[in-house]
Amino acid sequence: MHATTILSVRKNDTAVIAGDGQVSFGETVIKANARKVRRLGDGTIVAGFAGATADAFTLFERLEAKLEQYPSQLMRACVELAKDWRTDRYLRRLEAMMAVSDAKTSLMLSGNGDVLEPDDGLIGLGSGGAYALAAARALIDIDDLDAEKVARKAMSIAANICIYTNENVIVEAIKTSGHQS
């Protein structure tokens, strides 16, 4: 999947999702400061998307509805969304991936029905996702870097490698102790 980089990092008492701001159309940069990361529900969940913008907004709306149906149950809401995404004729055509986090869990969702929770609390999506993920894995054990600093540095590294990623990074963070930051 081209045209974006999303990175989710969990460290100590914080979970963050970072996304670059570049929107590309083919080989042309259309927008440099798009917001691909947002808070959902009552603000205790953060999510980021990689893929077609309209598809991502559809998925955000669907996930919000599932969160209303299953309050405080991120895993259940994501599994239900993934079931719909895989089986619904309209949703099956959506081309996007999502990373979502709450105080307890970080998940990656795809249209294949995947709801994956990484062992290390790190998720990388989009064309620069592998670069950001590798950088985050290298930085995560540095004691004086908190989750947000790891995410920002990893996204900067990805932006220097991936032509579909820029350094206009939006970061949303939540305290994993249950308090928003």
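The values are calculated or read from the model by the stated rules, or taken from the named source; none is laboratory data. Just so you know, these numbers come straight off a predicted model, no measurement behind them. Every residue, glycine among them, receives a Cβ derived from its backbone with ideal geometry; neighbour counts consider all protein chains shown.
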Hey, among the residues in the stretch 74-84 that are farther than 15 Å from SER106 by Cβ and without any contact (Cβ under 8 Å) to a residue 24 or more places away in the chain, which one's surrounded by the most Cβ atoms within 10 Å (Cβ to Cβ)?
-> GLU80
Candidates LEU91, LEU109, LEU122 - the one that is over 23 Å from ALA52 (Cβ atoms) and touching a residue at least 12 places away in the same chain (Cβ under 8 Å) | LEU122
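Results for (1) surrounded by fewer than 17 Cβ atoms within 10 Å (Cβ to Cβ); (2) modelled with pLDDT of 95 or more; (3) of a type in the set (D, E, K, R), shown as yes or no for each residue.
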site: THR44; (1), (2), (3): no, no, no
site: ASP88; (1), (2), (3): yes, no, yes
site: GLU95; (1), (2), (3): yes, no, yes
site: LEU109; (1), (2), (3): no, no, no
site: ASP114; (1), (2), (3): yes, no, yes
site: GLY126; (1), (2), (3): no, no, no
site: ALA132; (1), (2), (3): no, yes, no
Pairs where the first residue, in the stretch 53-68, is of a type in the set (Ser, Thr, Tyr) and the second is assigned to a helix (DSSP H, G or I), C-beta under 9 Å, 6+ apart = THR58/LEU91
Quick check: is even one residue across the stretch 142-152 acidic (Asp, Glu), buried (at least 20 other Cβ atoms within 10 Å of the Cβ), in contact (Cβ under 8 Å) with a residue 24 or more places away in the chain and closer than 21 Å to ASN12 by Cβ?
-> no
Residues within the stretch 125-135 that are touching a residue at least 40 places away in the same chain (Cβ under 8 Å) and under 14 Å from the mean Cα position of the chain (by Cα), tallied = 7
